[in-house]
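The values are calculated or read from the model by the stated rules, or taken from the named source; none is laboratory data. A quick note: this is a predicted structure, and the numbers were derived from the prediction, not measured. Cβ coordinates were reconstructed from backbone atoms using ideal geometry, including for glycine residues, and neighbour counts include every protein chain displayed.
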Amino acid sequence: MPELRASTRDALLKVATSTLTGALFRRGLRNMFLQEVSPLRVDQPRMVGLAFTMRFIPSREDKNTAGRPGARRSVQPQAMEECPPGHVLVIDSRGDARAASAGDLYIGRLKARGCSGIVTDGGLRDSEGVLKTGLPAYHRRPTSPPSPIVHYPIDLNLPIGCGGVAVYPGDVIVGDCDGVVVIPVEIADEVAEEALASTLYDEFAEAEVARGRPLAGLFPVVGEDAKRDFEIWKKQRAGGA
């Protein structure tokens, strides 16, 4: 099982998904941001964790035998018990939000077990209860109908598609108010380091723009004057810390 260094986790909690997508783009990774997947609430806590995956297929009445004698053990509650602490449960719901991918009790169980978040390209139900758990949650839109109407949970911790992105178990999942980005764990350390440096420059550039400085030479192409001023700003900032 891959691991995420504490320093990398801390760095990823401080940077925006927009900055991370830029760092991934520079490495040739163009499709790592989940489409039509949004935070349940924009002011919820940021999310960082390794992916633990679950996959739904379309429900079919003769196969959906939950609660019947001799029925196959349901994968959905199993996911809530097996997603490791510090991980994010990522659910392939085929972009279908006609019925819920999970609700407040399942999500509350993830929170109680120390998981870092839940992501689905379907919908979540019991929004008020989900918010009360405090677990970062991302979905396509709210939905009330129960899962079996549309979804049948079929397997755990295999490669899936979510929001149009391939997600492999152990990928690094980062969420903020804009959405969710996927980072291959093998490059997470270097991407986090680069994104943290970029975030510092962005802070400088935002201050310069607020002071009336034009974008030319400041962003997106950084000129020599901006580089010099940035180094001065960093020294002044460090001295005042």
Practice task
State which residue pairs qualify: first residue closer than 16 Å to residue 91 by Cβ and inside segment 117-131, second residue surrounded by fewer than 24 Cβ atoms within 10 Å (Cβ to Cβ) and of a type in the set (S, T, N, Q) in any location, beta carbons under 7 Å apart, and separation of 6 or more residues or different chains.
Solution key: 123/143; 125/143; 125/144
Exercise for the section: Check off (1) free of Cβ contacts under 8 Å to residues at least 24 places away in the same chain; (2) in the same structural domain as residue 89 (by TED's automatic domain parsing) for residue 176 and give me the number that stays unchecked. Expected result: (1)
Fill in the blank from the handout: By residue number, the members of segment 106-155 that are surrounded by fewer than 18 Cβ atoms within 10 Å (Cβ to Cβ), hydrophobic (A, V, I, L, M, F, W, C) and assigned to a strand (DSSP E or B) are 154
Practice task
State whether the residues of segment 199-206 include one that is in contact with a helix residue (DSSP H, G or I) (Cβ under 8 Å, 6 or more places away or on another chain), surrounded by fewer than 16 Cβ atoms within 10 Å (Cβ to Cβ), over 30 Å from residue 2 (Cβ atoms) and at pLDDT below 95.
Solution key: no
Handout entry: Those residues of segment 169-198 which are outside any helix (DSSP H, G or I) and surrounded by fewer than 16 Cβ atoms within 10 Å (Cβ to Cβ), in sequence order
Key = 177, 178
Exercise for the section: Count, please, the residues in segment 1-31 that happen to be under 19 Å from residue 199 (Cα atoms) and not in a helix (DSSP H, G or I). Expected result: 6
